[in-house]
Amino acid sequence: MTTPRTAAIIVAAGTGTRSGSDMPKQFAMLAGRPMIAHSLAALSAHPAIDRVIVVIGENQQALLGEAVAGADHVIGGATRRLSVRAGLEALANPPRHPGLVPGSAVPQTPQPELTNHGGPRNTSGVTDGELVERVLIHDAARPFLPAAVIDRLLAALDAADGAFPTLPVADTLVNAQGDTVDRTGLSRVQTPQAFRFDAILRAHRDWAFEEPTDDAQMLRRLGGSVAMVEGDVMLDKITYPADFAAAEARHGASLISRSASGFDVHRLETGEELWLGGVLIPHDKGLSGHSDADVALHAITDALLGTIAAGDIGTHFPPSDPQWKGADSAQFLDHAAGLVRAAGGIIDFIDLTLMCEAPKIGPHREAMRARIADLLQLSTAQVSVKATTTERLGFTGRGEGIAAQAMATIRIGA
């Protein structure tokens with residue numbers, strides 16, 4: 001028995017005018033990364049999900065690329081319904097859209113050729129839904145997506161055409177006149193919503209009514225069966241400026257702190273440049289290594305990799321690989337920081353200690369702090385740079401090399 005192929009669509013085509021942000025809210029920073037990156041990471045990491053497509057608005061490609069480079073995406077329409085339709089059509093007809101690869105886009109309007117149910121005819125040689133059997137449709141404005149909710153939704157599809165998460169209404173409700181409304185039996189609807197792919201695709205193709213607020217109501221109106229599963233407060237929608245602070249607090253309460261260390265040593269040699277902490281320092285000798293031999297950035301890189309148990313710098317950038325000869329160590333640090341963020345981690349603090357007799361680190365300390373902070377998208381208050389000698393003992397004391405030790409502290413989901 002084969003496992004159903006499952007895809008996910010993230011609807012991120014809005015302008016977010018009520019959020020108070022100077023950019024569409026789905027690309028605004030939240031808990032250390034762009035909002036859209038949270039749900040994309042959660043869906044991509046779930047073992048039951050084979051593919052994720054992001055639906056964005058016109059001219060939002062650059063914003064998406066900056067937020068989550070390489071994400072599959074399509075261009076949405078003027079309404080949420082049309083944006084979801086664009087994502088569904090891209091999944092239904094992949095051979096007809098050869099440009100749907102990381103960083104590409106497909107047209108928002110379907111081809112005009114029709115079937116007997118009013119949608120574009122699939123000329124790819126496969127039946128609609130054959131490649132994708134289940135689909136989750138999620139709003140980017142609900143960034144913190146627990147895996148348990150995904151599990152409940154997919155399990156519900158064993159007995160229903162669709163499923164959506166809900167939470168009971170706890171607050172007192174009133175109407176426009178201020179009269180209390182009975183909240184018995186009322187629930188708040190959340191996303192993602194999960195569907196059998198052929199059922200929700202047909203619902204979108206056959207829709208001829210008023211604009212819906214979600215996809216589950218479309219399926220129910222056209223006769224599909226829809227189940228309700230338990231939602232999660234982490235999925236509360238972000239709409240207004242105050243919602244950002246509330247979401248940060250909810251997310252922060254679910255994180256634990258981790259710290260890890262990194263250590264590196266390189267030999268000082270005549271004729272080499274001396275790079276420390278991403279700063280070129282005038283000196284009669286420089287550090288020798290396969291890359292630019294920046295011991296400071298190497299130690300920080302190893303510390304960050306350690307916080308997510310992702311090996312060490314040599315695992316990701318083998319010194320035997322010629323492509324890293326003379327490489328800027330900022331690339332290594334950027335890679336490690338990207339892995340931490342992809343795992344849902346937030347970098348809180350970096351503490352670096354350099355061990356050498358010369359050169360003097362003090363005159364360059366602030367430049368190093370600023371450069372490291374810039375590379376890691378931190379404030380300088382989150383970066384500490386210290387220096388010490390070894391009282392002329394050992395290889396550093398003899399001026400043969402420089403050593404660096406770093407500690408990185410992050411917050412990440414348990």
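Readers should treat all values here as calculations from the given coordinates under stated rules, not as data from a laboratory. Values in this document were obtained by computation on a predicted structure and should not be read as measured data. Neighbour counts are summed over all protein chains in view; Cβ atoms, including those assigned to glycine, are modelled from backbone coordinates with ideal geometry.
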(message) Could you check the spin-label model distance between ALA147 and GLU273? Points 7 Å from the Cα along Cα→Cβ, value in nm.
(response) 4.3
(request) Among HIS73, THR353, PHE195, flag the residue with its Cα farthest along the positive direction of the charge dipole of the chain, charges on Cβ as +1 for Lys/Arg and -1 for Asp/Glu. (result) PHE195
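Ranked by Cβ crowding within 10 angstrom, fewest neighbours first, how are SER291, SER187 ordered?
Working: SER291 21, SER187 14.
The order, fewest Cβ neighbours first, is SER187, SER291.
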(message) What does DSSP give for the chain in terms of the percent of beta bridges that are antiparallel, rounded to the nearest 5?
(response) 60
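If the chain between GLU400 and LYS237 were fully stretched, how many nm would it gain, using 0.36 nm times the residue separation less the Cα-Cα distance? Mind dumping the intermediate values first?
On the way: separation 163, 0.36 × 163 = 58.68 nm, distance 5.73 nm.
Length gained, GLU400 through LYS237: 53.0 nm.
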(request) Show which lysines lie in cross-link reach of LYS237 when reach means a straight Cα distance below 20 angstrom and same-chain residues fewer than eight apart are skipped. (result) LYS25
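Please state, to two decimals, what the Cα-based radius of gyration of segment 168-286 comes to when divided by 2.2 N^0.38 Å (N = residues).
Numbers: Rg = 27.9 Å, N = 119, 2.2 N^0.38 = 13.5 Å.
Expressed relative to 2.2 N^0.38 Å, the Cα Rg reads 2.06.
Suppose R0 equals 51 Å. What FRET efficiency, 1/(1 + (r/R0)^6) with r the Cβ-Cβ distance, do SER288 and GLU58 give to the nearest 0.05?
Numbers: r = 51 Å, r/R0 = 1.00.
Computed FRET efficiency for SER288 and GLU58 comes out at 0.50.
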(message) Roughly how far apart, in whole Å, are the Cα centres of segment 31-59 and segment 223-274?
(response) 13
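Going by how many other Cβ atoms sit within 10 Å of their own, how do VAL84, VAL233 line up, fewest first? Please list the in-between numbers first.
On the way: VAL84 26, VAL233 11.
Final ranking by Cβ density, sparse to dense: VAL233, VAL84.
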(message) Within segment 127-170, name every residue whose backbone N is under 18 Å away from a label modeled 7 Å from Cα of THR184 along the Cβ vector.
(response) 168-170
(message) To make sure I understand the rule: partners must be lysines, Cα under 25 Å from the Cα of LYS360, and not fewer than 8 residues away in the same chain. Which ones qualify?
(response) LYS285, LYS386
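First measure r as the distance between the Cβ atoms of ASP50 and THR15, then evaluate 1/(1 + (r/R0)^6) with R0 = 25 Å and state the FRET efficiency to the nearest 0.05. Write out the running numbers ahead of the final one.
Numbers: r = 30 Å, r/R0 = 1.21.
Efficiency at R0 = 25 Å is approximately 0.25.
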(request) Starting from the Cα-Cα distance between GLU211 and ASP158, subtract it from 0.36 nm times their residue separation and give me the gain in nm to one decimal. (result) 16.2 nm
(message) Of the candidates GLY178, GLY311, GLY70, which one comes out as most mobile in a Gaussian network treatment of the chain with C-alpha springs shorter than 10 Å?
(response) GLY178
(request) May I ask for the angle, rounded to the nearest 10°, between helix 365-376 and the longest principal axis of the chain, with both axes built from Cα atoms and the value confined to 0 to 90°? (result) 20
